[in-house]
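Asks: Sharing a structure here in structure tokens format.
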Amino acid sequence: MASLEEKQSTRPKDIKAPEHAGRYAQVNLPPTEQLLVEGGDARIALDPDRALNMYGCQPFPDPDLGAFGSSTASVISHAGFAAADRLRRRLLAVGAEPQAITYARELNRIRRELTHLCGVSDIPGLEVVLAASGTDIHLIAAQLAGGTASRPTVAVTVEADETGSGVPLALAGRHFSTRATSGYPVIKNTALAYSGIIETATVPIRLVDGTPRQAAAIDAEFKSLVTGAVSMGRRVLLVSVDLTKTGCLAPSLACILEMQRGLPDTVDVLVDACQFRLAPSTLRAYLEHDLMVAITGSKFITGPSFAGALLIPSSMAGKLRARPFPRALRGYSTRADWPQTWAVDGILDNMANFGLLLRWEAALEDLRTFRSVPEPEVTNFLQAFADAIQHRLKNDPIFAPLPAPQIDRRPLIEAASWDHVPTIFPFLLYHPGPSTGQTPLNREETNHVYRLLPADLSNHHGLANTRLNSNLAKFRGQLGQPVVCGNRNGVPVSALRLCSSARLVIKASLHKGREAAKVIENALTALDKTAALVKTGWFQADLPKPGIGQK
């Protein structure tokens, strides 16, 4: 099968792009649930047996699922799906207007609403680039940073276990999936055509046993890599992560600002805030310090997977626009994904990605409702949620909470908003019995528990041979995917993650906040079932048939 580069250079102009690239006649738009899984790479595709994507999510609401896995992905909400469906119906009514024009107009509306809801619409000259995923944004940022044979770029960030397996490949200008966003098949880990010359360096933020490294040591390693690259004549893309998969912020913001100010002509900074666990005041502070910020609508906001945005402050945008636009992005962007101020004509195809459009529409519906909850109420609920989850994890020998440093964004901004409260709670699992606290579940066993949690086990043939409570067996919950966290007592381990999210805040605010206790109780039930799966030996049993409990 031809690679993307071969297709780009050899395909005749009359060859149509794949359907999931968005070239539909309006009257033939597929159903909403199909559009929601198109216009992305292979990660968004549905498993034919289970009708779930690789994150365990379906493209339509699942109201019976206890969704606590927002650090990975969430099933779309009822309100989000309804908003996406309304937009699809409106697109059908547009008529004979060229799809590229319809798509560009709708994306401009998305930009306006997104910046308004983020409280940054009044920042002069702010540019918003839309993309399919956070990984795509890393690819875009690295290509914008440039890099030539005579002056390569070095991208410096935290280790892939804390960001995503595809991030190092994207930063290096390599395909990170088997399918590009445009829909064309590609070969994973091969270089993009016309890619800039980009080297990568990563910094571990946890020790071999999964405990956090000292912030000073992390900062020192970042500084050494950056100054070393600059001394060799390299340009640097410094990627700061706020927050990682396990809730860490690295490197420190003092470190970031010091390097940005000391090396303004050679260091570009990207804040990877793809978890989007940021209050508007924090996002504004990043942008006002001339830092690019990557966000997604599919983590804390709980929109459907694959809705990303890169926010670029005016002065940074001007600097990047002065460089030749990277041709390597052709398979990963369309003309309308970029503001009109960017000279991309003749490089990017002028086509529609209605899947991306509908996913952002769904995410904005949830973001709009979340922003309507008063900030003190948000903070109070998130703190109550954190207190309850942390207490439960600390007082059950089946669990071992994975420590994360306190979120500290000084000197960028003081902790005055809800986003200083932890919302990601990673933990390891330990075997029960006399050796509790000594022998952790290994990565395969932890993954088995993760996959069992969303299943209704009440009618499974193995239930009679266990002591699994029938109510817990029936409960269906979702946690964040296991994250590799080194070794404990010679056992390679992974951490599960229970997360709070905008959707939980919205639920908790119903009926003047009287639903908050129910939301927290549901999260504790997810931990109860997790512990029961370990105590009863279910993590060693055969998995239920694919898709059990799913709708």
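Asks: Does segment 419-426 include one or more residues that are in a helix (DSSP H, G or I), over 28 Å from the mean Cα position of the chain (by Cα) and farther than 20 Å from L52 by Cβ?
Replies: no
Asks: Quick check on segment 22-35. Is at least one of its residues among the aliphatic types (A, V, I, L, M), touching a Gly at 6+ places or on another chain (Cβ under 8 Å) and modelled with pLDDT under 95?
Replies: no
Asks: Quick one: count up the residues across segment 209-231 that are of a type in the set (A, V, I, L, M) and under 17 Å from L402 (Cβ atoms).
Replies: Residues that pass the stated criteria total 2.
Asks: Select from segment 370-417 the residues that are touching a Lys or Arg at 6+ places or on another chain (Cβ under 9 Å), crowded, with 17+ Cβ neighbours inside 10 Å and not in a loop (DSSP other than H, G, I, E, B) and list them in ascending order.
Replies: Within segment 370-417, F370, F399, A400 meet the criteria.
Asks: With the structure loaded, tell me whether R105 is surrounded by fewer than 17 Cβ atoms within 10 Å (Cβ to Cβ), outside the structural domain of S501 (by TED's automatic domain parsing) and either modelled with pLDDT of 95 or more or in contact with a strand residue (DSSP E or B) (Cβ under 7 Å, 6 or more places away or on another chain) (or both) or whether it fails that test.
Replies: Criteria met by R105.
Asks: Now a separate question. Is there a residue being in contact with a Leu (Cβ under 9 Å, 6 or more places away or on another chain) and more than 24 Å from V37 (Cβ to Cβ) anywhere in segment 99-117?
Replies: Looking through segment 99-117, at least one residue is in contact with a Leu (Cβ under 9 Å, 6 or more places away or on another chain) and more than 24 Å from V37 (Cβ to Cβ).
Asks: Another question, if that's okay. Looking only at residues in segment 265-290 that are closer than 25 Å to D122 by Cα and free of Cβ contacts under 8 Å to residues at least 40 places away in the same chain, which one is surrounded by the most Cβ atoms within 10 Å (Cβ to Cβ)?
Replies: F276
Asks: State which residue is modelled with the lowest pLDDT when the search covers only segment 467-504 and only residues that are assigned to a loop (DSSP other than H, G, I, E, B) and touching a Pro at 6+ places or on another chain (Cβ under 8 Å).
Replies: N489
Asks: Under the condition of being charged (D, E, K, R) and outside any helix (DSSP H, G or I), which residue from segment 102-147 is nearest to T72 (Cα to Cα)?
Replies: Taking the candidates together, the pick is E127.
Asks: Hey, another quick one. Could you figure out which of (1) in contact with a strand residue (DSSP E or B) (Cβ under 9 Å, 6 or more places away or on another chain); (2) surrounded by fewer than 24 Cβ atoms within 10 Å (Cβ to Cβ); (3) among the charged types (D, E, K, R) isn't true of R86?
Replies: Among (1) in contact with a strand residue (DSSP E or B) (Cβ under 9 Å, 6 or more places away or on another chain); (2) surrounded by fewer than 24 Cβ atoms within 10 Å (Cβ to Cβ); (3) among the charged types (D, E, K, R), R86 violates only (1).
The values are calculated or read from the model by the stated rules, or taken from the named source; none is laboratory data. Just so we're clear, the structure is a prediction, and the values are computed from it rather than from any experiment. Virtual Cβ from ideal backbone geometry, glycine too; neighbours counted across all protein chains shown.
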